[in-house]
Amino acid sequence: MDPVAPHPRTWLKSTPAGLYCEPADLFIDPTRKSDRAVITHGHSDHARAGHRAVLATAATLAFMAHRHGEDAGAERQALGYGEALEMNGVTLRLLPAGHILGSAQVVLDYRGSRAVISGDYKRRRDPTCEAFVPERCDVFVTEATFALPVFRHPPDRQEIARLLHSLRLFPERCHVVGVYSLGKCQRVIALLREAGYDETIFLHGALEPCCAIYREQGVALGELAPVAGVPRERLKGQLVLAPPGFDDRWLRRFPEPLTAMASGWMRVRQRAKQWGIELPLVISDHADWDELKQTIAEVAAPEIWVTHGREEALIRQATLDGFRARALSLTGFEEEC
Ligand SMILES: [Zn+2]
Ligand SMILES: [Zn+2]
């Protein structure tokens, strides 16, 4: 940072409505209705309804239009990755965050200092979205969803192989896999296709709209079909994807249902048990402990602002590693994915 450049804390502020860039008069993922919002990605706790002007990637705008309809923003502007936008002395760019399709980091440059707000992110390869691009900056805002050393996600190919192995082992049982409707669902499908699974994958109705948007945006998902109305016999040894939290009555319509779930939380045995999951699959769209540390090292920001999860452990680690780190007390974000 230029020695006379204003520190980002003087122009990027934590407010009750979320992070606010004062000179650009712009909120990032605001939790309240705002005049101008830049949205990092389509998950509901980041992409809320009712803002006036919304700036985001085209995919994020498509997810918002699907969820919020008319309320997705009176004025919507799509910005491609890497395109620069000038706003009252602030240069804004979006860079891929690798979290879900369309997810972006917000890069803000103002008078010689740079802040990067990464939103939610992960570092491993995902066939359904562009990979995270590390950008050097003066302040890096990071999530901390899985910021504990116990969270080290296994390779996703290994988890998908466990699911396919179970299908071979129990050819009579219908495998019902819990997946979040936006991101995890399409990633699991794409990973299954990469592993050579080319049968029809059956979907709970709630998963269909987001899959359709992924396809419109050019992501191949293979043969999908709604599960509603499919004869019980046909579902023996088949894969059904559904939003998490399926109830017993719904499950009973499937032949010998075997419940699985794809989530970073499946690393916690207790949760899998609590949720009645027979086959927990540790597949996460958030950075694990090692990815968080790797990212902080790569962006080389002298100062880290931590939000959205287990701030304390990551702040401690970053401080030990020689960074200045503090918690951003932003509220309104869910513990998702
Ligand atoms: Zn998210
Ligand atoms: Zn989030």
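The values are calculated or read from the model by the stated rules, or taken from the named source; none is laboratory data. Every value quoted in this text rests on a predicted model; they were computed, and no experiment measured them. Note: ideal-geometry Cβ built from the backbone for every residue, glycine included; neighbour counts use all protein chains shown. All accessible areas refer to the heavy atoms of the entire protein, side chains included, with ligands and DNA or RNA removed. Shrake-Rupley method; radii C 1.70, N 1.55, O 1.52, S 1.80 Å.
Residues in the range 71-107 that are farther than 22 Å from Thr128 by Cα, in contact (Cβ under 8 Å) with a residue 24 or more places away in the chain and among the polar types (S, T, N, Q): how many?
2
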Q | Residue that is most open to solvent (accessible area, probe 1.4 Å), among those in the range 64-90 that are of a type in the set (Asp, Glu) and outside any helix (DSSP H, G or I) | A | Glu86
Q.
Just to check your reading of the model, which residue among Arg187, Arg152 is within 16 Å of ligand 2 (Cβ to nearest atom) and of a type in the set (D, E, K, R)?
A. Arg187
Q.
One residue is enough: does the range 322-333 have a residue meeting the conditions away from ligand 2 (no atom under 16 Å from the Cβ), in a loop (DSSP other than H, G, I, E, B) and either over 12 Å from Ala144 (Cα atoms) or not hydrophobic (A, V, I, L, M, F, W, C) (or both)?
A. yes
Q: Taking Phe246 as the residue in question, decide whether it is in a strand (DSSP E or B) and either surrounded by fewer than 16 Cβ atoms within 10 Å (Cβ to Cβ) or not aliphatic (A, V, I, L, M) (or both).
A: no
Q | Residues located in the range 91-123, provided they are open to solvent by 10 Å² or more (accessible area, probe 1.4 Å) and part of a loop (DSSP other than H, G, I, E, B) | A | Leu101, Arg111, Gly112, Gly119, Arg123
Q: Filter the range 256-276 down to residues that are farther than 24 Å from Ala287 by Cα and modelled with pLDDT of 95 or more and give me whichever is most open to solvent (accessible area, probe 1.4 Å).
A: Glu256
Q: Considering only residues that are within 16 Å of ligand 2 (Cβ to nearest atom) and not hydrophobic (A, V, I, L, M, F, W, C), look in the range 33-56 and name the one that is nearest to His99 (Cα to Cα).
A: His41
Q.
Taking the conditions exactly as written (under 19 Å from the mean Cα position of the chain (by Cα), within 16 Å of ligand 2 (Cβ to nearest atom) and open to solvent by 30 Å² or more (accessible area, probe 1.4 Å)), does Arg310 satisfy them or not?
A. yes
Q | Any pair with Cβ under 6 angstrom, 6 or more apart, that starts in the range 115-132 at a residue that is more than 22 Å from Leu221 (Cβ to Cβ) and of a type in the set (D, E, K, R) and ends at one that is at pLDDT 95 or above and open to solvent by 10 Å² or more (accessible area, probe 1.4 Å) | A | Arg123/Phe132; Arg123/Glu291
**Q.** Positions within the range 147-168 being closer than 30 Å to Ile296 by Cα and open to solvent by less than 50 Å² (accessible area, probe 1.4 Å), in sequence order
**A.** Ala147, Phe151, His153, Pro154, Asp156, Glu159, Ile160
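Based on this model, can you work out whether Arg48 counts as open to solvent by 60 Å² or more (accessible area, probe 1.4 Å), within 16 Å of ligand 1 (Cβ to nearest atom) and at pLDDT 95 or above?
It is true that Arg48 is open to solvent by 60 Å² or more (accessible area, probe 1.4 Å), within 16 Å of ligand 1 (Cβ to nearest atom) and at pLDDT 95 or above.
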